[in-house]
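The values are calculated or read from the model by the stated rules, or taken from the named source; none is laboratory data. Predicted model, so just to flag it, every value in this text is computed and none were measured. Cβ sites come from the backbone with ideal geometry, for glycine too, and all protein chains shown count toward neighbours.
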Amino acid sequence: MKTIRAILKVTALLGFVYVFAAFVFYFFQERFVFQAEPLADDYSFQFDEPFEEYFIEVQEGISLNALLFKTDQPVKGLILYFHGNADNLQRWGRYAVDLTQYGYDVIMVDYRGYGKSGGEPSEATMYSDAQKILQWVKQDFQYSSLMLYGRSLGAAVASKLAITTDTDQLILETPFDEIRSVAHPVFQPVTRFLSKRLVLSNREHLKEVKCRVLIIHGTDDWIVPLESALKLKPFLKPGDEFVIIKGGSHKNLNEFKEYYSALAEVLH
(Lines give C-alpha, C1' and ligand atoms only; values in the text may rest on other atoms or scores of the structure.)
Protein backbone atom coordinates (compact mmCIF):
# COMPACT_ATOMS: atom_id res chain seq x y z
CA MET A 1 0.00 0.00 0.00
CA LYS A 2 2.82 2.41 0.86
CA THR A 3 4.36 1.82 -2.57
CA ILE A 4 1.03 2.52 -4.31
CA ARG A 5 0.51 5.72 -2.29
CA ALA A 6 4.03 6.85 -3.13
CA ILE A 7 3.44 6.25 -6.84
CA LEU A 8 0.15 8.14 -6.67
CA LYS A 9 1.84 11.08 -4.93
CA VAL A 10 4.62 11.21 -7.51
CA THR A 11 2.09 10.97 -10.33
CA ALA A 12 0.00 13.77 -8.85
CA LEU A 13 3.09 15.93 -8.38
CA LEU A 14 4.23 15.37 -11.97
CA GLY A 15 0.71 16.15 -13.19
CA PHE A 16 0.66 19.39 -11.23
CA VAL A 17 4.09 20.40 -12.55
CA TYR A 18 3.00 19.61 -16.11
CA VAL A 19 -0.22 21.65 -15.92
CA PHE A 20 1.57 24.50 -14.13
CA ALA A 21 4.29 24.64 -16.79
CA ALA A 22 1.70 24.59 -19.58
CA PHE A 23 -0.24 27.45 -18.03
CA VAL A 24 2.94 29.45 -17.44
CA PHE A 25 3.76 29.00 -21.11
CA TYR A 26 0.27 30.18 -22.03
CA PHE A 27 -0.08 33.20 -19.76
CA PHE A 28 3.46 34.42 -20.44
CA GLN A 29 3.53 33.47 -24.12
CA GLU A 30 4.34 37.02 -25.20
CA ARG A 31 7.63 36.75 -23.31
CA PHE A 32 8.43 33.51 -25.12
CA VAL A 33 7.44 34.84 -28.54
CA PHE A 34 8.78 38.41 -28.44
CA GLN A 35 12.41 38.04 -27.38
CA ALA A 36 13.44 41.61 -28.08
CA GLU A 37 16.96 42.89 -27.46
CA PRO A 38 16.90 46.70 -27.02
CA LEU A 39 19.72 48.95 -28.23
CA ALA A 40 20.83 52.38 -27.04
CA ASP A 41 19.63 55.27 -29.18
CA ASP A 42 23.21 56.13 -30.09
CA TYR A 43 24.18 52.55 -30.99
CA SER A 44 26.20 52.40 -34.21
CA PHE A 45 25.44 49.41 -36.44
CA GLN A 46 28.37 47.53 -37.92
CA PHE A 47 28.03 45.75 -41.27
CA ASP A 48 30.33 44.93 -44.15
CA GLU A 49 27.75 46.22 -46.66
CA PRO A 50 26.72 49.89 -47.00
CA PHE A 51 23.40 50.84 -45.42
CA GLU A 52 21.21 53.79 -44.56
CA GLU A 53 19.36 54.19 -41.27
CA TYR A 54 15.83 55.57 -40.89
CA PHE A 55 13.12 56.00 -38.28
CA ILE A 56 9.48 55.47 -39.26
CA GLU A 57 6.78 57.05 -37.10
CA VAL A 58 3.95 54.55 -36.64
CA GLN A 59 2.18 56.25 -33.75
CA GLU A 60 2.56 59.55 -31.97
CA GLY A 61 5.71 59.20 -29.90
CA ILE A 62 6.62 55.78 -31.32
CA SER A 63 9.02 55.24 -34.21
CA LEU A 64 10.50 52.07 -35.65
CA ASN A 65 14.14 51.74 -36.62
CA ALA A 66 14.77 50.70 -40.22
CA LEU A 67 17.87 49.86 -42.26
CA LEU A 68 18.10 50.07 -46.04
CA PHE A 69 20.75 47.89 -47.67
CA LYS A 70 21.56 48.87 -51.26
CA THR A 71 22.49 46.35 -53.93
CA ASP A 72 25.65 46.91 -55.97
CA GLN A 73 23.86 45.40 -58.99
CA PRO A 74 21.42 47.09 -61.38
CA VAL A 75 18.33 47.54 -59.19
CA LYS A 76 15.45 45.17 -59.98
CA GLY A 77 13.24 46.11 -57.05
CA LEU A 78 12.84 46.21 -53.29
CA ILE A 79 12.50 43.45 -50.70
CA LEU A 80 10.69 44.38 -47.48
CA TYR A 81 12.07 41.96 -44.88
CA PHE A 82 10.35 41.02 -41.60
CA HIS A 83 12.73 39.21 -39.25
CA GLY A 84 12.41 36.55 -36.57
CA ASN A 85 11.35 36.82 -32.93
CA ALA A 86 14.69 37.48 -31.21
CA ASP A 87 17.46 40.09 -30.99
CA ASN A 88 17.45 43.15 -33.28
CA LEU A 89 18.70 44.52 -36.59
CA GLN A 90 22.35 44.09 -35.66
CA ARG A 91 21.81 40.36 -36.02
CA TRP A 92 19.32 40.34 -38.87
CA GLY A 93 21.09 42.90 -41.01
CA ARG A 94 23.84 40.38 -41.70
CA TYR A 95 21.37 38.41 -43.83
CA ALA A 96 20.72 41.29 -46.23
CA VAL A 97 23.64 40.30 -48.47
CA ASP A 98 21.87 37.00 -49.22
CA LEU A 99 19.25 39.06 -51.07
CA THR A 100 21.07 42.17 -52.33
CA GLN A 101 23.31 39.95 -54.45
CA TYR A 102 20.29 39.31 -56.71
CA GLY A 103 19.86 42.98 -57.55
CA TYR A 104 17.34 43.99 -54.89
CA ASP A 105 17.55 46.69 -52.25
CA VAL A 106 16.46 45.39 -48.84
CA ILE A 107 14.64 47.23 -46.05
CA MET A 108 14.61 45.63 -42.61
CA VAL A 109 12.64 47.06 -39.69
CA ASP A 110 12.78 46.27 -35.99
CA TYR A 111 9.40 45.63 -34.38
CA ARG A 112 8.26 47.68 -31.41
CA GLY A 113 10.55 47.16 -28.42
CA TYR A 114 13.33 45.68 -30.55
CA GLY A 115 16.64 47.48 -31.01
CA LYS A 116 16.06 51.24 -31.22
CA SER A 117 12.33 50.92 -31.93
CA GLY A 118 9.96 52.34 -29.33
CA GLY A 119 6.85 50.82 -27.78
CA GLU A 120 5.98 47.25 -26.86
CA PRO A 121 5.43 44.43 -29.37
CA SER A 122 2.08 42.75 -29.94
CA GLU A 123 0.46 40.82 -32.73
CA ALA A 124 -1.96 43.63 -33.56
CA THR A 125 0.70 46.35 -33.71
CA MET A 126 2.98 44.18 -35.84
CA TYR A 127 0.26 43.97 -38.48
CA SER A 128 -0.76 47.63 -38.32
CA ASP A 129 2.86 48.79 -38.27
CA ALA A 130 3.62 46.70 -41.36
CA GLN A 131 0.94 48.64 -43.24
CA LYS A 132 2.47 51.95 -42.15
CA ILE A 133 5.95 50.77 -43.09
CA LEU A 134 4.68 49.90 -46.55
CA GLN A 135 3.04 53.33 -46.88
CA TRP A 136 6.35 54.94 -45.89
CA VAL A 137 8.22 52.86 -48.48
CA LYS A 138 5.82 53.80 -51.26
CA GLN A 139 5.96 57.46 -50.31
CA ASP A 140 9.74 57.79 -50.00
CA PHE A 141 11.06 55.28 -52.55
CA GLN A 142 10.30 54.31 -56.12
CA TYR A 143 10.70 50.67 -57.19
CA SER A 144 9.36 48.78 -60.17
CA SER A 145 9.00 45.56 -58.18
CA LEU A 146 8.14 44.84 -54.53
CA MET A 147 8.84 41.56 -52.74
CA LEU A 148 7.82 40.63 -49.18
CA TYR A 149 10.09 38.38 -47.13
CA GLY A 150 9.14 36.90 -43.78
CA ARG A 151 11.40 34.77 -41.62
CA SER A 152 10.00 32.63 -38.80
CA LEU A 153 7.84 35.02 -36.72
CA GLY A 154 8.13 37.57 -39.52
CA ALA A 155 6.44 35.16 -41.92
CA ALA A 156 3.09 35.86 -40.24
CA VAL A 157 3.64 39.61 -40.65
CA ALA A 158 4.66 39.31 -44.30
CA SER A 159 1.83 36.94 -45.20
CA LYS A 160 -0.73 39.22 -43.53
CA LEU A 161 0.62 42.25 -45.41
CA ALA A 162 0.55 40.34 -48.70
CA ILE A 163 -3.24 40.10 -48.45
CA THR A 164 -3.77 43.84 -48.74
CA THR A 165 -0.95 45.03 -51.00
CA ASP A 166 0.02 44.53 -54.62
CA THR A 167 3.27 42.59 -54.34
CA ASP A 168 5.09 40.42 -56.86
CA GLN A 169 6.32 37.69 -54.53
CA LEU A 170 5.93 36.47 -50.96
CA ILE A 171 8.91 34.53 -49.59
CA LEU A 172 8.51 32.70 -46.28
CA GLU A 173 11.55 31.18 -44.57
CA THR A 174 10.93 28.62 -41.80
CA PRO A 175 7.27 29.60 -41.29
CA PHE A 176 4.83 27.89 -38.92
CA ASP A 177 1.18 27.25 -39.71
CA GLU A 178 0.19 29.10 -36.52
CA ILE A 179 2.08 29.99 -33.37
CA ARG A 180 0.43 27.31 -31.18
CA SER A 181 2.11 24.59 -33.20
CA VAL A 182 5.51 25.90 -32.12
CA ALA A 183 4.78 25.07 -28.47
CA HIS A 184 6.62 21.97 -27.31
CA PRO A 185 4.55 18.88 -28.21
CA VAL A 186 4.46 17.89 -24.54
CA PHE A 187 2.35 20.99 -23.76
CA GLN A 188 0.06 20.98 -26.78
CA PRO A 189 -2.63 18.73 -25.21
CA VAL A 190 -3.21 21.53 -22.69
CA THR A 191 -2.57 24.64 -24.81
CA ARG A 192 -4.97 23.52 -27.55
CA PHE A 193 -7.88 23.98 -25.12
CA LEU A 194 -6.84 27.45 -24.02
CA SER A 195 -8.22 30.50 -25.79
CA LYS A 196 -6.03 31.95 -28.52
CA ARG A 197 -4.29 35.07 -27.26
CA LEU A 198 -1.63 34.98 -29.96
CA VAL A 199 -2.77 33.54 -33.28
CA LEU A 200 -0.09 34.52 -35.81
CA SER A 201 -1.59 32.26 -38.44
CA ASN A 202 0.15 31.90 -41.79
CA ARG A 203 -2.50 29.32 -42.61
CA GLU A 204 -5.33 31.85 -42.39
CA HIS A 205 -3.34 34.50 -44.26
CA LEU A 206 -2.34 32.26 -47.16
CA LYS A 207 -5.99 31.52 -47.84
CA GLU A 208 -6.28 35.12 -49.09
CA VAL A 209 -2.85 35.75 -50.63
CA LYS A 210 -3.05 36.25 -54.40
CA CYS A 211 0.63 36.75 -55.29
CA ARG A 212 3.19 34.01 -55.88
CA VAL A 213 4.48 32.28 -52.75
CA LEU A 214 7.78 30.56 -52.02
CA ILE A 215 8.24 28.62 -48.77
CA ILE A 216 11.69 27.40 -47.72
CA HIS A 217 12.11 25.05 -44.76
CA GLY A 218 14.64 22.56 -43.42
CA THR A 219 14.17 18.97 -42.31
CA ASP A 220 16.10 19.45 -39.05
CA ASP A 221 14.34 22.55 -37.72
CA TRP A 222 13.69 21.92 -34.01
CA ILE A 223 12.30 25.41 -33.35
CA VAL A 224 9.61 25.36 -36.04
CA PRO A 225 9.20 21.70 -37.01
CA LEU A 226 8.83 20.92 -40.68
CA GLU A 227 5.50 19.27 -39.84
CA SER A 228 4.13 22.69 -38.88
CA ALA A 229 5.17 24.28 -42.17
CA LEU A 230 3.85 21.35 -44.21
CA LYS A 231 0.35 22.20 -42.97
CA LEU A 232 0.59 25.27 -45.23
CA LYS A 233 0.89 23.25 -48.44
CA PRO A 234 -2.89 22.85 -48.96
CA PHE A 235 -3.16 26.66 -49.16
CA LEU A 236 -0.59 27.10 -51.92
CA LYS A 237 -1.75 27.91 -55.44
CA PRO A 238 -0.57 26.54 -58.77
CA GLY A 239 2.81 28.12 -59.42
CA ASP A 240 3.68 28.47 -55.72
CA GLU A 241 6.66 26.49 -54.42
CA PHE A 242 7.57 24.65 -51.23
CA VAL A 243 11.31 23.92 -51.02
CA ILE A 244 12.52 21.46 -48.38
CA ILE A 245 16.24 21.54 -47.59
CA LYS A 246 17.55 18.25 -46.28
CA GLY A 247 19.63 18.81 -43.16
CA GLY A 248 18.60 22.45 -42.88
CA SER A 249 17.74 23.80 -39.43
CA HIS A 250 16.08 27.00 -38.25
CA LYS A 251 19.12 29.25 -38.47
CA ASN A 252 21.35 27.93 -41.24
CA LEU A 253 19.38 27.63 -44.46
CA ASN A 254 21.68 30.19 -46.09
CA GLU A 255 24.49 27.65 -45.81
CA PHE A 256 22.82 25.40 -48.41
CA LYS A 257 22.97 25.81 -52.17
CA GLU A 258 19.31 24.80 -52.41
CA TYR A 259 18.42 28.00 -50.54
CA TYR A 260 20.14 30.18 -53.11
CA SER A 261 18.74 28.16 -56.01
CA ALA A 262 15.22 28.76 -54.72
CA LEU A 263 15.87 32.49 -54.32
CA ALA A 264 17.46 32.78 -57.75
CA GLU A 265 14.38 31.22 -59.28
CA VAL A 266 12.03 33.92 -57.99
CA LEU A 267 14.46 36.87 -57.90
CA HIS A 268 15.76 36.49 -61.45
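The set of residues in the stretch 110-139 that are under 15 Å from the mean Cα position of the chain (by Cα), part of a loop (DSSP other than H, G, I, E, B) and of a type outside the set (Ser, Thr, Tyr) comprises 110, 112, 121. Residues in the stretch 153-179 that are small (Gly, Ala, Ser) and over 12 Å from the mean Cα position of the chain (by Cα): 1 in all. Output the residues belonging to the stretch 218-250 that are without any contact (Cβ under 8 Å) to a residue 12 or more places away in the chain and either under 22 Å from residue 79 (Cα atoms) or of a type in the set (Phe, Trp, Tyr) (or both). Hits for the stretch 218-250: nothing passes.
Residue by residue, here is whether (1) modelled with pLDDT of 65 or more; (2) in contact with a Phe, Trp or Tyr (Cβ under 8 Å, 6 or more places away or on another chain); (3) within 19 Å of residue 149 (Cβ to Cβ); (4) of a type outside the set (D, E, K, R) holds:
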{"residue": "4", "(1), (2), (3), (4)": "yes, no, no, yes"}
{"residue": "19", "(1), (2), (3), (4)": "no, no, no, yes"}
{"residue": "25", "(1), (2), (3), (4)": "no, yes, no, yes"}
{"residue": "37", "(1), (2), (3), (4)": "yes, yes, no, no"}
{"residue": "41", "(1), (2), (3), (4)": "yes, no, no, no"}
{"residue": "46", "(1), (2), (3), (4)": "yes, no, no, yes"}
{"residue": "49", "(1), (2), (3), (4)": "yes, yes, yes, no"}
{"residue": "57", "(1), (2), (3), (4)": "yes, no, no, no"}
{"residue": "68", "(1), (2), (3), (4)": "yes, yes, yes, yes"}
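Checking residue 54 against (1) within 28 Å of residue 213 (Cα to Cα); (2) surrounded by fewer than 18 Cβ atoms within 10 Å (Cβ to Cβ); (3) in contact (Cβ under 8 Å) with a residue 12 or more places away in the chain: exactly one of these is not met. Which one? Result: residue 54 fails condition (1) only. Looking only at residues in the stretch 240-251 that are touching a Phe, Trp or Tyr at 6+ places or on another chain (Cβ under 9 Å) and surrounded by 13 or more Cβ atoms within 10 Å (Cβ to Cβ), the one that is nearest to residue 154 (Cα to Cα) is 250. So, residue 99, is that one closer than 29 Å to residue 179 by Cα, in a strand (DSSP E or B) and at pLDDT 95 or above or not? When the stated conditions are applied, residue 99 does not pass them.
Considering 233, 210, 237, 257, the condition of being exposed (fewer than 14 other Cβ atoms within 10 Å of the Cβ), of a type in the set (D, E, K, R) and closer than 16 Å to residue 176 by Cα is satisfied by 233 alone. Checking each residue in the stretch 229-257 for being in contact with a helix residue (DSSP H, G or I) (Cβ under 8 Å, 6 or more places away or on another chain) and aromatic (Phe, Trp, Tyr) picks out 235, 242.
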